[in-house]
Amino acid sequence: MFEIIFQKQEDAKGLIKYLQRHLSSESGKINLLFEDPHIIKLTAEANADIILADVKQAFYEFIIYWKREQWFRTILAENYFFNDTEEQSQIMEIIYSILDGNREELAVLLQDTNEENILKEAMDDLFQKNLSFSFDSFVKFRLRPYLDCLEKYVEISIDEYKMEQEYQIFIQTLRDFLAEREMKIRRLHLLINDGSAFFDEHFYEIKRADLVRMIDRKLLFNHPVYVDSVTIAPLLSIAPAMIFLYTEDRDEPLVRTICNIFEERVTIQAVADFNDRKSFLPYTAEEKM
């Protein structure tokens with residue numbers, strides 16, 4: 001017989017949902033005592049090993065899909081004072097992107113933390129063929145390492161959230177700066193391939209010394225740390241109406257930043273397109289000079 005006692009009736013209902021999904025009529029029978037809806041009792045007349053495996057899987061999913069997000073939000077509110085629902089949701093998106101394997105640069109910071117193994121080890125120590133336990137005591141005394149693990153996810157995700165917020169403020173500041181600039185070149189071709197090279201609308205390269213002279217010094221003075229003086233600062237100072245950006249890596253941070261600042265002004269193309277278009281020039285830049 002299995003007996004699990006809950007302080008919260010909603011948690012008992014949550015576990016029942018997962019038990020009903022996994023327990024077949026052959027493996028056992030679920031019986032919720034109506035006189036005490038905080039207790040789940042399971043009985044099995046037949047194969048105890050089958051029902052044990054089913055109960056463990058249901059319990060695991062109950063933790064992962066029912067309780068884990070509640071715990072994440074509790075950690076956010078109580079440990080880090082993020083009480084706003086919208087802020088919590090944005091941080092939760094980062095957490096789940098790590099859990100889903102979509103943030104390798106953040107996951108590497110948690111490579112010594114295996115959430116699944118920590119949880120299953122705690123469950124293996126608890127579940128036997130016949131048992132009775134309090135869920136809340138299990139959380140308090142057996143799941144402390146697991147909750148510590150969740151807090152690491154929260155901590156890293158908060159840092160990433162703050163960085164993303166700062167980045168968005170930075171981007172908006174540069175958009176505002178751009179909106180006040182007078183256009184110096186209507187069409188600009190920018191080649192990002194082992195460095196950055198600027199070309200005018202006729203594909204003649206703009207020399208570095210000329211780019212430096214074009215840079216608005218107020219831009220570097222107001223944003224000395226964040227503004228890339230090699231690429232971003234000249235682009236903002238020139239304020240082209242159209243930027244043809246040639247690259248082989250659309251996800252490169254510099255490329256994404258340019259697209260975020262200049263938005264619809266940017267058209268991304270392959271490096272081969274740059275070479276093809278430049279080859280149609282009637283004469284080279286050197287011949288022009």
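The values are calculated or read from the model by the stated rules, or taken from the named source; none is laboratory data. This one's a predicted model, so the numbers in the text were calculated from it and none came from an experiment. So basically every Cβ, Gly included, is an ideal-geometry build from the backbone, and we count neighbours across all protein chains shown.
Results, tabulated for the structure shown:
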item	result
Test: residue in segment 122-129 that is outside the structural domain of L15 (by TED's automatic domain parsing) and among the acidic types (D, E)	no
Which numbered condition F34 misses (of (1) closer than 26 Å to D125 by Cβ; (2) modelled with pLDDT under 75; (3) surrounded by fewer than 18 Cβ atoms within 10 Å (Cβ to Cβ))	(1)
Residues being within 21 Å of L220 (Cα to Cα) and without any contact (Cβ under 8 Å) to a residue 12 or more places away in the chain - total across segment 174-194	3
Segment 47-67 residues that are assigned by TED's automatic domain parsing to the domain that holds N117 and of a type in the set (K, R), paired with ones that are buried (at least 16 other Cβ atoms within 10 Å of the Cβ) and in a helix (DSSP H, G or I) (beta carbon under 9 Å, 6 or more apart)	K56/M123; K67/D11; K67/G14; K67/V139
Among (1) of a type in the set (A, V, I, L, M, F, W, C); (2) modelled with pLDDT under 95; (3) surrounded by 13 or more Cβ atoms within 10 Å (Cβ to Cβ), the one test that I169 misses	(3)
Residue under evaluation E205, criteria (1) in contact with a strand residue (DSSP E or B) (Cβ under 6 Å, 6 or more places away or on another chain); (2) without any contact (Cβ under 8 Å) to a residue 60 or more places away in the chain, criterion not met	(2)
In segment 110-146, residue surrounded by the most Cβ atoms within 10 Å (Cβ to Cβ) [restricted to those that are at pLDDT 90 or above and not in a helix (DSSP H, G or I)]	L143
Among (1) touching a Phe, Trp or Tyr at 6+ places or on another chain (Cβ under 6 Å); (2) over 23 Å from G101 (Cβ atoms), the one test that L119 misses	(2)
Breaking point among (1) more than 27 Å from the chain's Cα centre (by Cα); (2) under 30 Å from S279 (Cα atoms), for I192	(1)
Selection status of R142, in contact with a Leu (Cβ under 8 Å, 6 or more places away or on another chain) and charged (D, E, K, R)	yes
Long-range neighbours under 9 Å by Cβ, at least six apart or interchain, first residue more than 9 Å from A58 (Cα to Cα) and of a type in the set (G, A, S) within segment 8-19, second at pLDDT below 90 and surrounded by fewer than 20 Cβ atoms within 10 Å (Cβ to Cβ)	A12/L32; A12/P37; A12/H38; A12/I39
Counted residues, segment 147-166 - those being polar (S, T, N, Q) and either crowded, with 16+ Cβ neighbours inside 10 Å or within 21 Å of K120 (Cβ to Cβ) (or both)	1
Pick from segment 52-75, criterion surrounded by fewer than 16 Cβ atoms within 10 Å (Cβ to Cβ) and under 22 Å from the mean Cα position of the chain (by Cα), ranking: nearest to G14 (Cα to Cα)	Y65
